[in-house]
1. Pick from ASP43, ASP275, ASP80: which residue has the top mean-square fluctuation in a GNM of the chain where Cα pairs under 10 Å get a spring?
2. Write down the percent of antiparallel bridges among all DSSP beta bridges whose residues are both part of the stretch 96-211, to the nearest 5.
3. With springs connecting C-alpha atoms under 10 Å apart, model the chain as a Gaussian network and identify which of SER301, SER280, SER110 has the largest mean-square fluctuation.
4. What is the extension gain from ASP80 to GLU325, computed as 0.36 nm multiplied by their sequence separation minus the C-alpha to C-alpha distance, in nm to one decimal?
5. Collect residues whose amide H, placed 1.01 Å from N in the peptide plane, falls under 5 Å from the amide H of ILE115; neighbours closer than 5 in sequence don't count.
6. Rounded to the nearest 10 degrees, what's the angle between the helix 191-200 long axis and the longest principal axis of the chain, both from Cα atoms, 0 to 90?
7. Which percent, to the nearest 5, of DSSP beta bridges fully inside the chain are antiparallel?
8. With Rg and the Kirkwood Rh both taken from Cα atoms, where does Rg over Rh land for the stretch 50-189?
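The values are calculated or read from the model by the stated rules, or taken from the named source; none is laboratory data. Note that the structure is predicted; figures quoted are calculated from it, not measured. No Cβ is skipped: glycine too gets one built from the backbone with ideal geometry, and neighbour counts run over all protein chains shown. Only protein heavy atoms, including side chains, enter the accessible area calculation; ligands, DNA and RNA are left aside. Shrake-Rupley method; radii C 1.70, N 1.55, O 1.52, S 1.80 Å.
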Amino acid sequence: MDVMVSLPLQSFIRDLRQGSKASIRDCVQGLEELGYWGINVVDHILQSTTDAPEHHVEPDWNWRFPEFASTMGYLAAITDHMKIGIRVLVVPYRNPIPTAHAFATVDSLSGGRAIVGVGPGYDAEEFRRLAVPRNKRGKLTDEYLDVMKALWAADGPIDFDGDTIKFEGAELQVGPVQRPGPPVWIGGNSPIALKRAIRVGDAWTPAIYGYGWPSTDGAKADGVDLHRDNIPAMLEQARIERAEAGLGPLECIPDSGVPWKITDKPAHPGRKPEDIQMFSAIGTPDEILQEFQLFHQAGCSKFVIRLAGTDSEDFLRQAKVFAEEIMPFIDK
């Protein structure tokens, strides 16, 4: 089973500021040795008091996000075969032409290993401080994605005449190795996000997790709680619409949420399979495996996970448990 890990660069940023990159290097290379399919980074630019609440309640995590392209380039340089992704780039924050060039460069330097996860963003304060109109983020996302995909696929200069961006004769200095471009994963839980994934995505990557048990309060990506029972019908609708457009099936690659805590004692005694509608982010290896198996049966083909860890040793300890006791058995 292909599993991508969201590397907690924000947790280890303290090491970088002290002049050491050993913990990041050790974690990345340790993940590759353990057989993980890929790693990804997260995108934020400015600090904000209106960011997701879980970013402010986890004492072991210093939620700071390095710049995405330089970080992806570094990750590509210290790995041999893992995919290098982002989940998710806030598309409206940046002009799509240099953004397309950045991803094409990472894809070239990595030998075609880049994955571009994207979304329209949510943080009102960050939008305001970046002087980006939040009420236009959907339109900006759609047009900017069209620009990026057109630039990646082009064999020469192209023009673009949209409502939010117009240009003539643009051609990237460096194109991607993957043609017509790196895979695009569309983030978000809402019907609008799924429609965007159907139109331009290679995969749909919703966030499906609660913050505690037995609470059913979820991540509410796009303000929408998405449950496991919803997935099969949504993927069937996607299959129909993409077939009508001459496109192949849409992969569902969910993010299982806040950092997993692998426990020795059961966290959900007496839980029934029908009760598992979101990832809980805590439990024994058997409990965690059951959650992933049920989501795989619902149509999820790959997974993005986050692992806890106060340092690289703790992080890799949990990564080893997941890699040996959970990952090989998800599709069984």
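1. The residue that fluctuates most here is ASP275.
2. On the way: 3 of 9 bridges.
Of all bridge pairs located within the stretch 96-211, approximately 35 percent are antiparallel.
3. Result for the chain, Cα springs under 10 Å: SER301 fluctuates most.
4. Taking ASP80 through GLU325 to full extension adds about 85.8 nm, to one decimal.
5. HN-HN under 5 Å from ILE115: ILE84, GLY85, ILE86.
6. Tilt relative to the chain: about 60 degrees.
7. Details: 5 of 36 bridges.
Here the share of antiparallel DSSP bridges comes out near 15 percent.
8. Working: Rg = 15.9 Å, Rh = 16.1 Å.
We get a ratio of 0.99 for the stretch 50-189.
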